[in-house]
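Reviewing the structure listed below.
The values are calculated or read from the model by the stated rules, or taken from the named source; none is laboratory data. For clarity, every value in this text was computed on a predicted model and none was experimentally measured. Cβ: placed from backbone, ideal geometry, glycine included. Neighbour counts: every protein chain shown. Each accessible area value is taken on the protein alone, full model and side chains, heavy atoms only, with ligands, DNA and RNA left out. Shrake-Rupley method; radii C 1.70, N 1.55, O 1.52, S 1.80 Å.
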Amino acid sequence: RTAVAHRVEKPVSLFAGFSQDMRARGLRPGSIWLGRETGPALPAEAFALSLSPGAPVCRLRRLRTADDVAIALELSIVPVRFLPDPSMVDDSLYAALERRGTVPVRALQRMRATVAGRAEADRLGVQPGAPLLDMERRCFNEAGDTVEFCHSLYRGDLYDLLVELS
């Protein structure tokens, strides 16, 4: 089995997209597309994005990699007013949003521990029951609009969160 030589540390107080974060650590970020679609927001998605129920959204499902090693499963949901077509995203969602004139500048993120089910384990290359970091993030632009709701499952054996306390 291939493994990243060291664990990836993510400072919790710094806001950065996955690609930017991996590059800052000297790793090559990558994505394997699992799905791209537009459709009406599900009730929980509408609530998370402060949208009316059924408002149109883009859903981006990716397996995120660092130096070709699977590190996270990610689902990003973006209102179509910020991203009208999911095919506009190549490697970086935030680069695509910047090209459209909106940039996430702050985020609220919730983190908790969970374990991998069979489907997540197969995609991430771990055993069922392996520890995962379950993260939900809401990102906001300068005007305070919710630009993205993201749900990610990170491999607990490869990804650490670093918190500075004062």
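Pick from the stretch 22-37 the residues that are of a type outside the set (Lys, Arg) and surrounded by 15 or more Cβ atoms within 10 Å (Cβ to Cβ): which of them is farthest from Pro79 (Cα to Cα)?
Kept after step one, since they are of a type outside the set (Lys, Arg), are these residues of the stretch 22-37: 22, 24, 26-27, 29-35, 37.
Those still in the list that are surrounded by 15 or more Cβ atoms within 10 Å (Cβ to Cβ) too: 22, 27, 29-31.
Details: Met22: 26, Leu27: 30, Pro29: 25, Gly30: 24, Ser31: 21 Å.
Checking each candidate, the answer is Leu27.
Assigned to a loop (DSSP other than H, G, I, E, B), touching a Cys at 6+ places or on another chain (Cβ under 8 Å) and modelled with pLDDT of 90 or more, is that true of Leu83?
yes
For the stretch 36-76, how many residues meet the condition of being closer than 20 Å to Ala121 by Cα, modelled with pLDDT of 95 or more and of a type in the set (S, T, N, Q)?
The total comes to 1.
Please verify whether Glu74 is open to solvent by less than 40 Å² (accessible area, probe 1.4 Å) and of a type in the set (D, E, K, R), treating the condition exactly as stated. Even if it seems obvious, please write down each step before you answer.
Values: open to solvent by less than 40 Å² (accessible area, probe 1.4 Å): yes; of a type in the set (D, E, K, R): yes.
The answer is yes for Glu74.
Of all residues being closer than 14 Å to Leu83 by Cβ and not in a strand (DSSP E or B) in the stretch 49-66, which is least open to solvent (accessible area, probe 1.4 Å)? Just the residue, please.
Ranking the qualifying residues of the stretch 49-66, first place goes to Leu49.
Kindly check whether there is at least one residue in the stretch 95-108 that is more than 20 Å from Glu142 (Cβ to Cβ) and not acidic (Asp, Glu). Reasoning before the result, please.
Residues of the stretch 95-108 more than 20 Å from Glu142 (Cβ to Cβ): none.
The answer is no, given that none of the residues of the stretch 95-108 is more than 20 Å from Glu142 (Cβ to Cβ) and not acidic (Asp, Glu).
Restricting attention to the stretch 140-159, report how many residues are over 15 Å from the mean Cα position of the chain (by Cα) and within 28 Å of Val69 (Cα to Cα).
3
So which residues in the stretch 27-48 are basic (Lys, Arg) and either over 16 Å from Pro86 (Cα atoms) or assigned to a helix (DSSP H, G or I) (or both), if there are any at all? Walk me through how you get there before you give the answer.
Initial filter on the stretch 27-48 (basic (Lys, Arg)): 28, 36.
Selection gives Arg28 alone.
From (1) of a type outside the set (Gly, Ala, Ser); (2) assigned to a loop (DSSP other than H, G, I, E, B); (3) open to solvent by 20 Å² or more (accessible area, probe 1.4 Å), pick out the condition that doesn't hold for Pro104.
Only one criterion is unmet by Pro104, namely (3).
I'm told Ala70 meets every condition in (1) touching a Gly at 6+ places or on another chain (Cβ under 8 Å); (2) touching a residue at least 24 places away in the same chain (Cβ under 8 Å); (3) part of a helix (DSSP H, G or I) except one. Can you identify the failing condition by its number?
Result: Ala70 passes all but (3).
Go through the stretch 114-126 and give me each residue that's open to solvent by 70 Å² or more (accessible area, probe 1.4 Å) and either under 16 Å from the mean Cα position of the chain (by Cα) or of a type in the set (Val, Ile, Thr) (or both). If you could, list the steps in order and put the result at the bottom.
Initially, the stretch 114-126 is screened for residues open to solvent by 70 Å² or more (accessible area, probe 1.4 Å), giving 115, 118, 122-123.
Answer for the stretch 114-126, where residues must be open to solvent by 70 Å² or more (accessible area, probe 1.4 Å) and either under 16 Å from the mean Cα position of the chain (by Cα) or of a type in the set (Val, Ile, Thr) (or both): Val115, Arg123.
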